1. Under the condition of being under 20 Å from Val117 (Cα atoms), in contact (Cβ under 8 Å) with a residue 40 or more places away in the chain and surrounded by 14 or more Cβ atoms within 10 Å (Cβ to Cβ), which residue from the range 29-56 is farthest from the chain's Cα centre (by Cα)?
2. Would it be correct to say that Val60 is part of a helix (DSSP H, G or I), surrounded by 18 or more Cβ atoms within 10 Å (Cβ to Cβ) and in contact with a helix residue (DSSP H, G or I) (Cβ under 9 Å, 6 or more places away or on another chain)?
3. Restrict the check to the range 65-74 and report whether at least one residue is at pLDDT below 85, closer than 23 Å to Gly12 by Cβ and either basic (Lys, Arg) or part of a helix (DSSP H, G or I) (or both).
4. Would the range 111-133 turn up any residue that is over 30 Å from Asn3 (Cα atoms), among the basic types (Lys, Arg) and at pLDDT below 90?
5. Counting just the residues of the range 1-57 that are small (Gly, Ala, Ser) and farther than 18 Å from Leu87 by Cα, which one comes out modelled with the lowest pLDDT?
6. In this structure, does Ser14 turn out to be surrounded by fewer than 17 Cβ atoms within 10 Å (Cβ to Cβ), farther than 30 Å from Arg114 by Cβ and more than 17 Å from the chain's Cα centre (by Cα)?
Amino acid sequence: MRNELAFGIAAGVSLLLSGLVILYLHRPLYRILGDLCGTPERGGFWTALANIQFLLVPLVAVMLGRTVERTADSFFFLVVEQAKWSLLGLIAATFLVALGVAAFVGPSGILVTRPQVDDLQRLLAKVEEIRAREIVSRTTYSEGPTG
């Protein structure tokens, strides 16, 4: 019974810590993912998926890291031994989500939206058109008097 109680407490700590991380990161993660994905619906989906990862990875780590009770250890240290796997799982989940977001944000961290890219492409096309007119006018001017 002692092992089961220690596991239950460690799983409860895991769920509590995961819930706190989800509450803390939900809003900034939703904003970043909504920006990266282009629509709030897509950002909401990826935020929900990240939240599930924050919840399940530590819980699975607690299940995989179960220890066999040693008679010399106190109950407190038995709970700590099992809860450490939860913390390692939470760190791993946070790192994986951060790695996934960082892969799409880019090195500068400056987010450019699709309409901004379209505006920049139209501006670049306009600049190229103006340059082409200048080149044509110079060519016709320089060829005119001598040609």
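1. So the residue we want is Asp35.
2. Considered against the rule, which asks whether it is part of a helix (DSSP H, G or I), surrounded by 18 or more Cβ atoms within 10 Å (Cβ to Cβ) and in contact with a helix residue (DSSP H, G or I) (Cβ under 9 Å, 6 or more places away or on another chain), Val60 comes out as no.
3. yes
4. Scanning the range 111-133, I find at least one residue that is over 30 Å from Asn3 (Cα atoms), among the basic types (Lys, Arg) and at pLDDT below 90, so the answer is yes.
5. Top of the filtered list is Gly38.
6. Taking the combined requirement at face value, the residue does not satisfy it.
The values are calculated or read from the model by the stated rules, or taken from the named source; none is laboratory data. Not measured: the values here are computed from a predicted model. Note that each Cβ is placed from the backbone with ideal geometry, even for glycine, and that neighbours are counted across all protein chains shown.
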